[in-house]
1. Kindly state, to the nearest 0.05, the FRET efficiency for residue B:533 paired with residue A:391, given R0 = 60 Å and r defined as their beta-carbon distance.
2. Would you mind giving the mean number of other chain beta-carbons within 10 Å of the Cβ of each residue in A:155-167, as a whole number?
3. Show me, for segment A:319-331, the HN-Hα J-couplings you get by feeding each phi into the Karplus relation (A = 6.51, B = -1.76, C = 1.60, θ = phi - 60°), rounded to Hz, glycine and proline as x.
4. Any chance you could run the full-extension gain for residue B:599 through residue B:379? It's 0.36 nm times the residue separation minus the Cα-Cα distance, nm to one decimal.
5. Read phi for every residue in segment B:372-379 and hand back ³J(HN,Hα) as whole Hz from Karplus 6.51 cos²θ - 1.76 cosθ + 1.60, θ = phi - 60°, with x for Gly and Pro.
6. Show me A:340-348, A:162-170, A:33-41, B:216-224 ranked by packing, highest mean number of other Cβ atoms within 10 Å first.
7. In what sequence, largest accessible area first, do B:327, A:349 appear using a 1.4 Å probe?
8. Residue by residue through segment B:228-237, which ³J(HN,Hα) values in whole Hz follow from phi under the Karplus form 6.51 cos²θ - 1.76 cosθ + 1.60 (θ = phi - 60°), with glycine and proline marked x?
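The values are calculated or read from the model by the stated rules, or taken from the named source; none is laboratory data. Every value quoted in this text rests on a predicted model; they were computed, and no experiment measured them. Every residue, glycine as well, gets a Cβ built from its backbone with ideal geometry; the counts of neighbours run over all protein chains shown. Side chains included, ligands, DNA and RNA excluded: accessible areas come from the protein's heavy atoms. Shrake-Rupley method; radii C 1.70, N 1.55, O 1.52, S 1.80 Å.
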Amino acid sequence: MARPTEFQGSFLSRISIRRNQIVSMDVNHEHELEELEYFQKHVAERFSELITSPSPHHSSSSSSDAAAVSHPSDPILSIPWLQNLLDVFMSCEAEFKAVLSTTQISKSPSLERVLPEMLDRILKALDLCNAVVNGIDSVRQSRRLAEIAVTALKQRPLCDGSVRRAKRALTSLLIGLNADERRDRNSGGSGCSNQRRTTSRSWSFGTRSNVTGGGSYGQVVSKNWSATKQIQAMVANLVLPRGAEASGPVMPVYIMSSVMVLVMWVLVAAVPCQTSSVLVAPLPLPKHQNWASAAVNIQERIGEELKRKEKRCGGGGLMEEMQRMEKIGLSLMDFAERFRYPADEEEEVVVAEKVDEMEEICRGMEVGLEDLQRQVRQVFHRLVRSRIEIVSVLDQAPAI
Amino acid sequence: MAEFDSKVPVSGMNNHVFEACHHVVKALRASDNNLDANLRKLLSDLEMHLSTFGIADTKVEDAGFSEIKKRFKEAVKRIRSWETNQSTMFEAGLSEADQFFQALYDVQTVLVGFKALPMKTNQMEKDVYNQATVALDIAMLRLEKELCDVLHQHKRHVQPDYLAVSSRRKDIVYDESFVSLDDEVIVEASSHEDDEQISDFYNSDLVDPIVLPHIKAIANAMFACEYDQPFCEAFIGVQREALEEYMVTLEMERFSCVDVLRMDWEDLNGAMRKWTKVVKIITQVYLASEKQLCDQILGDFESISTACFIEISKDAILSLLNFGEAVVLRSCKPEMLERFLSMYEVSAEILVDVDNLFPDETGSSLRIAFHNLSKKLADHTTTTFLKFKDAIASDESTRPFHGGGIHHLTRYVMNYLKLLPEYTDSLNSLLQNIHVDDSIPEKTGEDVLPSTFSPMARHLRSIVTTLESSLERKAQLYADEALKSIFLMNNFRYMVQKVKGSELRRLFGDEWIRKHIASYQRNVTNYERSTWSSILALLRDNNDSVRTLRERCRLFSLAFDDVYKNQTRWSVPDSELRDDLHISTSVKVVQSYRGFLGRNAVRIGEKHIRYTCEDIENMLLDLFECLPSPRSLRSSRKR
């Protein structure tokens, strides 16, 4: 933690200076190794901060002190946890640039091969960021629907009228949360939104209602764009460096790419975005490598969640708050369907608790989603900067 | 409660007593925390007693309550009748709508009345209350539908005819060798042409104003019944969809960053053109009207109006921002300058509108995003502009340009520069703080226009200076001094003509033009000297012998043949310049030759003279015509 991770300046200048220096190969390589080691340690530490319970794969030595700074109260995939994840990503990114600045591009043709691949991944990550920003808007819509249900179910005495109103909001909410595919969308449908979608208006835009259910947050990136496919394309040429390359400058590029892909994968799993509902295949992270173990652990846990959700319904939208919202939403829906006026007093108390919990989630989302969205935009801009810097490094590298 | 109670007519003495008892009991129960169990029991017994009494009584006597019940039943019936009715109340007529709102008011009155009373009323009252809540919910749902349908049926679009964006128009085509930008293209490629029409549509209505009172009535009713959230949700949904649909009408496709980076130049050029138009229409016309609509309908609830407006516009705004961000990822190729310039220009222009659309904290992220994008576009445009000069400087040739004509680099650069005066303001602000060496450093002499000393003017002159050095280097490739002069003359002349005949004139200034005319005239002199002085020297006789004269005449013919053979393949595309050259050459050569023959023809003897003066005069006209091969066609002139 002693080293500055907030290295913001252009590492380009450092590179060009270094390139003109006559440094002995050995000294240079030694320095590179140090940098690499530090970078790996940084990634390992920061990622283990994100896991509350120690992982079986985890080598405990390096993470013990880091655990002190963690936020054990944030459950995995919750909005605060996702925010931490993005913080971790940003800090790894800054560290990566520092590492890269010490390498000599002109002396490493392999680096000249992997950097363009990384640029390509960054580009895809940019689109994913945009899709996630939009996906967060659809979560915000879910929140608004949940609030309608909360308002309705807070009415006392609880009557058929407010239950009807709540039921309508819950139906849209559950469709939006992708939870209730089998439910006929017309049943108890709201006055216009559902009816409008089912009556065949000529201006329905493709398949977007399938994407995020009730929301009109559909093709946001471009036609035929798919978050799942982007992730797959990002890992397609991501190969663990072997032999001499494993200790060379290609390694940090590989690590950073893996981190980036993982973070994007988590975002896409957490936030519903264009065609992210298809189960995303696990990423090929090297379990045995120290830096990756915490990341692998995170991935496995989310992978399990994903499988569970997939079995139940479409998958996608694993955000912890959404899942809780869905669970409460389903039980409230259940209550609403059984409801007979006048309300049973005991049941009224139980429902009131659930409604309070729902309200609590909504309140948390109100600020949290805004902040998360802002942070994703920040990641976007950070990646744009990195891309520009890598491009200029490649431009400056003399042709071999 | 007051409202409700006032509608209960009091009838008969008994009723008074029952009412009073009822109220006392209710009041006691309402504050029953401190009552002991016995008293509570007593009260509830009494209450039961009274209520059965009450029902019986109502049936017989209480015309007041039954009046309310009747009204309530009618209200529910009216609301129910609209539940499945697919047409809108608006279509059905104002009285229909009024009756619906009256029915809603009646239901609401019942609800308010019950709510004001303590909770433990009798079963029948409870049922009425429950029915009322259902009726209210049905009414609200119906109004939600009404809102959506009316907004949808009466929406108005900014006329798409006026917005036709011909994204397919070609302009600058990128070409590594600068070959592509030719004179003809420029005629088509002037933008800014649709601006006037856009301004006509400022604040056009998105919805027919005739429906506004109705929609406001819906809003007020739903807000009064605490159905504000469903109202907003429905309103946002319809308006969002309308905007989305409008974006489709404008053919504003969504592109991913990957798309934008892979797109070929022509498609991207079209998409960028479209963006500049659409961004303007959306921010200056559509969203301004949308905001107005939100304020008209929800003006009494300011923060809700703002929140709805942002929710409606956010998605479209983000898609426009994303395209801008993606475009900035492209490398700064010179051919993109004009598009970047127009994108930057629009992005700077709409900032005022964006600030008006999102003035407060709620919309700050969108506002800031636009400001940042504009900054990014500014940087990217400046870089592209500066790279243009680098590209010119690094354009190297290995072989001399055929015929000494106008090099494609010259054409490209000058035609390119001709596009820029349209963006004078933008360029001046972008280049303000970027120093450049200028050939006209100070305000001196004949130039008085301030535009001649603007940052843009200095940069443009500097670009042309770079072009000139590049041309000088290309000229060095010619072995023939005369051809070198022709080449420079042609290119400088072209530059001057382009500047003189366009808006560039105000920027480059008269001094620049004068200097450059002088420069190509020097080349004309150089040409004449290097081609003709040695040849014409042959015609200067100094009392030579016949033999020497014959030899001189022969040498002249040979030299002239040689010039003819070469220089008919040279090119002077500017006809005026070519005519001038023909005349001045003709004057010198034919006069000298005529003098020479006049003095010596007899001594030399006719058979030793190959060309007459007329031959020479005619043949000189063939020079610089860029003929495909050395002519022997004119052999008829030979004897």
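1. Result of the calculation: an efficiency of 0.60.
2. So the per-residue partner count for this stretch is 6.
3. 3, 4, 5, 5, 5, 5, 4, 5, 4, 5, x, 5, 6
4. Details: separation 220, 0.36 × 220 = 79.20 nm, distance 7.28 nm.
That works out to 71.9 nm of additional length.
5. Values, residue by residue: 5, 4, 4, 5, 4, 5, 4, 4 Hz.
6. On the way: A:340-348: 12.8, A:162-170: 26.3, A:33-41: 16.3, B:216-224: 18.7.
Peptide ranking by packing, descending: A:162-170, B:216-224, A:33-41, A:340-348.
7. Sorted by accessible area, descending: A:349, B:327.
8. For segment B:228-237, the Karplus curve yields 5, 5, x, 4, 4, 4, 5, 4, 4, x Hz.
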